[in-house]
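Asks: Questions regarding the structure given below will be posed in turn.
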Amino acid sequence: RTLPVTAISDLRTAFDQEKKEFNDPTAELKVDQVWMKAETQLDTSFRYVLQALKTLIPNVHTAAVFFPGRKSGTLVLRQFVSDSDCAVLHALIQENCGLVSQLARQDIARILEGDISGGKGLYFYNGNPPVHSIAGVPILDAEGNREGALVLDSLEQNAFNPTVITALNSIACALQTLSFKTYASAKNYIEQQQFSILYHYQRNFFQNMAVNDIYTQIFDYVRGNISYDRMMILALDNPKEGRGSVVLADGIDSAKMKGLPFTLNDKGLVILSLLRNFPVERNFTGNPGEYVPRLNEKEPRNNELRYLFAMPIATEASAESAEVTVALESCLQNRYSDHEKELMKAIAGVAGFAYARARQFEAGKALATTDGLTGLINHRTLRSEERR
């Protein structure tokens, strides 16, 4: 089959040094361990392929695979097999710096040099081994996007010819497929486990008959499976009057946000999600003068939070408005994938039904223990308390 359009970098960005978010979503599923195992398996497979190339093609000094660096136009030495110990794993090849860096450019389909002079550096080595020949091709996905590079070098002059380039192109296709399948398998495993964890939470939801327990279950599931810099759970205390508050908060400024009151008349993005019973997603510029309220104008402002995703939780899917919403914020724009949004949609569906049961149970319990006219404890409840 033709490969999906999804790029390897969309599945897993190797050598990622991005800022870690507030929570560690590995409480129940060790996501980092899954990725580490995938990376280890991929490195082992790369070494086998590179060793085969080095054995089959004469005069190869080093066979190497490069992945894209964090900065556009750069490459990072991902794996190599060599006759010497001069090569440096994870060495960074800057843009337009040396022969290998050319393979990051869209207009370069190959490099083939047989008489390398001292001015044409190979910057993934410590020292300056006497390399005289180099052959390399980009690693491309099905859409022609560059996912890395495959490179051979030699201490002999004119060691490689166009036939070697043809072979490298075929091997590069195989490496791209291998990388994609390895990362896709890890990603699919994580997603399956997250939905499996959701199934266990479903059981817990229906064992709880207290509204506050429902809030806690939602909080625990999201914290254990989805990264964020701030999470808030908003609930209507009085749906008829359209009044509510932030019942739980975690992350940046959480102490300032927890307990903040709001009404459905307030002009905030999260309030809009409640009012319309519809997910709200928005990126922010971070400019102080362009702050968009999440609840209302009275809330503490933090311009580091550059992304918002709010998922409403309604007792009925077709309801015009919702009673609860979960708001996730991140300092990174466009933070969540379709899978993570589907997780939030799934938890909202389960939680909405459980929330309706808990509200109904608590309302029935209140009617059974209080006088409907005065709101005071009724005679039966009073006698029961006296016997205790």
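Asks: Mind checking which residues of the stretch 36-68 are surrounded by fewer than 19 Cβ atoms within 10 Å (Cβ to Cβ), of a type outside the set (Ser, Thr, Tyr) and within 25 Å of the chain's Cα centre (by Cα)?
Replies: Passing the criteria: Met36, Lys37, Glu39, Gln41, Asp43.
Asks: Do we find that Asn128 is under 37 Å from the mean Cα position of the chain (by Cα) and not hydrophobic (A, V, I, L, M, F, W, C) in this structure? Let's see the steps before the verdict.
Replies: Details: under 37 Å from the mean Cα position of the chain (by Cα): no; not hydrophobic (A, V, I, L, M, F, W, C): yes.
No: the conditions fail for Asn128.
Asks: A follow-up question, please. Return the only residue of Glu281, Glu320 being in contact (Cβ under 8 Å) with a residue 24 or more places away in the chain and within 24 Å of Glu191 (Cβ to Cβ). Working first, answer last.
Replies: Details: Glu320 fails: within 24 Å of Glu191 (Cβ to Cβ).
When all the criteria are applied, what remains is Glu281.
Asks: Could you please find all residues in the stretch 69-92 being buried (at least 17 other Cβ atoms within 10 Å of the Cβ) and of a type in the set (Ser, Thr, Tyr)?
Replies: Thr74, Ser82
Asks: Residue by residue through the stretch 272-330, note down the ones that are over 17 Å from Ala346 (Cβ atoms), of a type in the set (S, T, N, Q) and either assigned to a loop (DSSP other than H, G, I, E, B) or open to solvent by 10 Å² or more (accessible area, probe 1.4 Å) (or both).
Replies: Passing the criteria: Asn283, Thr285, Asn287, Asn296, Asn302, Asn303, Ser318, Ser321.
Asks: Can you confirm whether Glu342 is modelled with pLDDT under 85, open to solvent by 80 Å² or more (accessible area, probe 1.4 Å) and acidic (Asp, Glu)?
Replies: Criteria not met by Glu342.
Asks: Can you name the condition, by its number, that Thr381 falls short on among (1) modelled with pLDDT under 85; (2) open to solvent by 40 Å² or more (accessible area, probe 1.4 Å)?
Replies: Only one criterion is unmet by Thr381, namely (2).
Asks: For the condition surrounded by 15 or more Cβ atoms within 10 Å (Cβ to Cβ), among the acidic types (Asp, Glu) and under 32 Å from the mean Cα position of the chain (by Cα), what is the one hit in Asp107, Asp141?
Replies: Working: Asp107 fails: surrounded by 15 or more Cβ atoms within 10 Å (Cβ to Cβ).
Criteria check complete, one pass: Asp141.
Asks: Would you be able to tell me the number of residues in the stretch 255-271 that are touching a residue at least 12 places away in the same chain (Cβ under 8 Å), surrounded by fewer than 19 Cβ atoms within 10 Å (Cβ to Cβ) and either among the small types (Gly, Ala, Ser) or assigned to a strand (DSSP E or B) (or both)? Give the derivation first.
Replies: Let us first name the residues in the stretch 255-271 that are touching a residue at least 12 places away in the same chain (Cβ under 8 Å), namely 256-271.
Okay, now just the ones that are also surrounded by fewer than 19 Cβ atoms within 10 Å (Cβ to Cβ), so 256, 258-261, 263-265, 267, 269.
With either among the small types (Gly, Ala, Ser) or assigned to a strand (DSSP E or B) (or both) added as a condition, the list becomes 259, 261, 263.
So the count comes out to 3.
Asks: For Tyr336, state whether it is in contact with a helix residue (DSSP H, G or I) (Cβ under 9 Å, 6 or more places away or on another chain), of a type in the set (Phe, Trp, Tyr) and at pLDDT 85 or above. Write out each step before concluding.
Replies: Details: in contact with a helix residue (DSSP H, G or I) (Cβ under 9 Å, 6 or more places away or on another chain): yes; of a type in the set (Phe, Trp, Tyr): yes; at pLDDT 85 or above: yes.
Spelling it out, Tyr336 is indeed in contact with a helix residue (DSSP H, G or I) (Cβ under 9 Å, 6 or more places away or on another chain), of a type in the set (Phe, Trp, Tyr) and at pLDDT 85 or above.
Asks: Give just the number: which of (1) closer than 26 Å to Lys181 by Cα; (2) modelled with pLDDT under 95; (3) open to solvent by 50 Å² or more (accessible area, probe 1.4 Å) does Glu95 not satisfy?
Replies: The failed condition is (1).
Asks: Right, something else. Which of the residues belonging to the stretch 284-317 are free of Cβ contacts under 8 Å to residues at least 40 places away in the same chain and among the aliphatic types (A, V, I, L, M)?
Replies: Of everything in the stretch 284-317, those that are free of Cβ contacts under 8 Å to residues at least 40 places away in the same chain and among the aliphatic types (A, V, I, L, M) turn out to be Val292, Leu308, Met311, Ala314, Ala317.
The values are calculated or read from the model by the stated rules, or taken from the named source; none is laboratory data. Keep in mind the model is a prediction, meaning the values are calculated, not measured. Heads up, the Cβs are rebuilt from the backbone with ideal geometry, glycines too, and the neighbour counts pull from every protein chain shown. Heavy atoms of the whole protein, side chains included, go into the accessibility calculation; ligands, DNA and RNA do not. Shrake-Rupley method; radii C 1.70, N 1.55, O 1.52, S 1.80 Å.
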